[in-house]
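Enquirer: Supplied in structure tokens, the structure appears directly below.
The values are calculated or read from the model by the stated rules, or taken from the named source; none is laboratory data. All values derive from a computational prediction rather than experimental measurement. Please note: Cβ atoms are built from the backbone with ideal geometry, for glycine as well, and neighbour counts cover all protein chains shown.
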Amino acid sequence: MSLGHVMTDIAGTALSDEDRRRLRHPQVGGVILFSRNYESPQQLTALVTELHALREPRLLIAVDQEGGRVQRFRDGFTRLPPVGELGRVYDRDPQRALSLATTTGWLMAAELRAVGVDLSFAPVLDLNREICPVIGDRAFHRNPEVVAGLAHAYQKGMLAAGMQAVGKHFPGHGGVTLDSHLALPTDTRDLVDIQMEDMLPFVRMIHQGLAGIMVAHVVYSAADTHPAGFSAYWQRVQLRGELGFQGVIFSDDLSMAAADCAGDYPARAAAALRAGCDMILVCNRSDAADQVLDSLTGYAEPAGLARLARLHGRQGQDWSSLHASESWQRAVSAVNSYDEAPLLDMDM
């Protein structure tokens with residue numbers, strides 16, 4: 001059995017019989033975890049081990065562990081600053097910021113790999129234009145060149161820890177005021193402005209081997225009437241064609257309010273896959289996940305499945321060994337004190 005095209009979630013800190021039934025559906029390819037799924041590193045390790053044992057090849061296990069406001073696993077994990085803090089350091093000392101970005105990416109990924117999690121949906125490649133509250137300090141900086149440089153350094157750290165990077169939210173969520181969790185935003189800027197600014201970090205990261213991209217539930221009206229998550233223009237023409245992206249395209253969550261424009265859940269799934277997504281996310285609605293899975297019976301896109309298979313995390317240290325290592329201790333010290341921390345050589 002190969003991986004399927006749907007990533008969904010589970011209700012609690014342990015698997016129920018209903019979870020097991022759903023996750024064994026051929027169209028499931030991954031699980032995204034949330035704060036409700038976490039009690040401790042030990043509990044999480046046991047949960048991820050059971051999730052991986054359900055299928056062969058094993059399901060992709062993902063989480064949003066960006067830092068700041070968006071960090072699902074907290075107690076027992078290092079509290080990560082929002083990456084906007086790295087942008088603040090960059091304005092005073094670019095080399096320090098780049099070194100700290102690599103250290104932070106390594107620490108985030110190393111802790112997740114120590115409990116078996118394959119992916120964090122990071123880094124955010126949006127620009128902080130200071131008009132989009134849902135982005136804000138989740139973005140590294142306002143300047144696209146700075147975002148690209150810090151994101152590349154952050155990715156280097158992730159890769160050294162055994163985790164691929166997934167950039168979001170293509171082609172850029174920073175130019176709108178609305179939160180796509182709650183409404184459908186429209187970005188009315190000229191296409192050339194989006195290409196020259198918001199897309200630049202994605203272009204740079206694609207050239208640096210970025211393995212995954214999550215597309216935005218935002219309409220860019222100068223280019224297409226459909227949100228990017230349902231747009232063949234953005235996914236097939238721009239990402240695959242113009243930019244030559246060979247990695248995995250993820251939808252954003254199809255349960256977000258901005259996705260309502262595509263119809264009911266089976267229609268949303270079909271539209272996202274038709275536009276070019278390799279894996280679609282259906283979160284916080286088990287009934288909707290079942291509808292989507294039933295609607296996709298027999299669906300397969302071989303190239304997408306091959307791309308997904310490359311996202312499994314590489315072997316990392318176990319939790320105890322990681323915490324006993326000098327690299328982890330030094331990284332935690334650096335991340336806890338960006339302004340005072342000595343620059344680290346993480347051998348990356």
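Enquirer: How many residues does the range 228-244 hold that are under 20 Å from V192 (Cβ atoms) and either among the hydroxyl-bearing types (S, T, Y) or surrounded by 16 or more Cβ atoms within 10 Å (Cβ to Cβ) (or both)?
Expert: Total satisfying the criteria: 8.
Enquirer: Give the residues of the range 299-315 that are under 30 Å from E111 (Cα atoms), assigned to a loop (DSSP other than H, G, I, E, B) and not charged (D, E, K, R), sorted by residue number. Even if it seems obvious, please write down each step before you answer.
Expert: Step one: filter the range 299-315 for residues under 30 Å from E111 (Cα atoms), giving 304-315.
Those left that are additionally assigned to a loop (DSSP other than H, G, I, E, B): 310-315.
L311, H312, G313, Q315, listed by residue number.
Enquirer: Taking the condition among the aliphatic types (A, V, I, L, M), under 23 Å from W328 (Cα atoms), touching a helix residue (DSSP H, G or I) at 6+ places or on another chain (Cβ under 6 Å) and not in a helix (DSSP H, G or I), does I61 pass?
Expert: In short, yes.
Enquirer: Restricting attention to the range 13-31, which residues are of a type in the set (K, R) and either in contact with an Asp or Glu (Cβ under 6 Å, 6 or more places away or on another chain) or without any contact (Cβ under 8 Å) to a residue 24 or more places away in the chain (or both)?
Expert: Matches in the range 13-31: R21 only.
A quick yes/no check of all residues on (1) closer than 22 Å to I249 by Cα; (2) at pLDDT below 95; (3) crowded, with 22+ Cβ neighbours inside 10 Å; (4) touching a Pro at 6+ places or on another chain (Cβ under 7 Å):
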| position | (1), (2), (3), (4) |
| --- | --- |
| D118 | yes, no, yes, no |
| D126 | yes, no, yes, no |
| G136 | no, no, no, no |
| R142 | no, no, no, no |
| A148 | yes, no, no, yes |
| Y154 | yes, no, yes, yes |
| G162 | yes, no, no, no |
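Enquirer: Does the range 164-183 contain at least one residue that is of a type outside the set (D, E, K, R), surrounded by fewer than 24 Cβ atoms within 10 Å (Cβ to Cβ), in a helix (DSSP H, G or I) and at pLDDT 95 or above?
Expert: Looking for residues that are of a type outside the set (D, E, K, R), surrounded by fewer than 24 Cβ atoms within 10 Å (Cβ to Cβ), in a helix (DSSP H, G or I) and at pLDDT 95 or above, one finds none in the range 164-183, hence no.
Enquirer: Can you name every residue in the range 140-178 that is aliphatic (A, V, I, L, M) and in contact with a His (Cβ under 9 Å, 6 or more places away or on another chain)?
Expert: Residues satisfying the conditions are V147, L150.
Enquirer: Determine, yes or no, whether A257 is modelled with pLDDT under 95 and surrounded by fewer than 24 Cβ atoms within 10 Å (Cβ to Cβ).
Expert: yes
Enquirer: Right, here's the next one. Only one of these conditions is not met by W106: (1) buried (at least 22 other Cβ atoms within 10 Å of the Cβ); (2) modelled with pLDDT of 95 or more; (3) part of a loop (DSSP other than H, G, I, E, B). Which number is it?
Expert: It fails just one condition, (3).
Enquirer: Working carefully through the options E111, E50, E85, E18, find the one that is buried (at least 24 other Cβ atoms within 10 Å of the Cβ), among the acidic types (D, E) and modelled with pLDDT of 95 or more.
Expert: Among E111, E50, E85, E18, only E111 is buried (at least 24 other Cβ atoms within 10 Å of the Cβ), among the acidic types (D, E) and modelled with pLDDT of 95 or more.
Enquirer: What are the residues in the range 184-208 that are of a type in the set (D, E, K, R) and either within 21 Å of V248 (Cβ to Cβ) or in a loop (DSSP other than H, G, I, E, B) (or both), if any?
Expert: Listed by number, the residues that qualify are R189, D190, D198, R204.
Yes/no matrix, rows are residues, columns are (1) touching an Asp or Glu at 6+ places or on another chain (Cβ under 9 Å); (2) within 20 Å of A275 (Cα to Cα):
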{"position": "V176", "(1), (2)": "yes, no"}
{"position": "V192", "(1), (2)": "no, no"}
{"position": "G209", "(1), (2)": "no, no"}
{"position": "I213", "(1), (2)": "no, yes"}
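Enquirer: Kindly evaluate E197 against the criterion of being over 18 Å from the mean Cα position of the chain (by Cα), crowded, with 19+ Cβ neighbours inside 10 Å and closer than 24 Å to I131 by Cα.
Expert: Values: over 18 Å from the mean Cα position of the chain (by Cα): yes; crowded, with 19+ Cβ neighbours inside 10 Å: yes; closer than 24 Å to I131 by Cα: yes.
Answer is yes for this residue.
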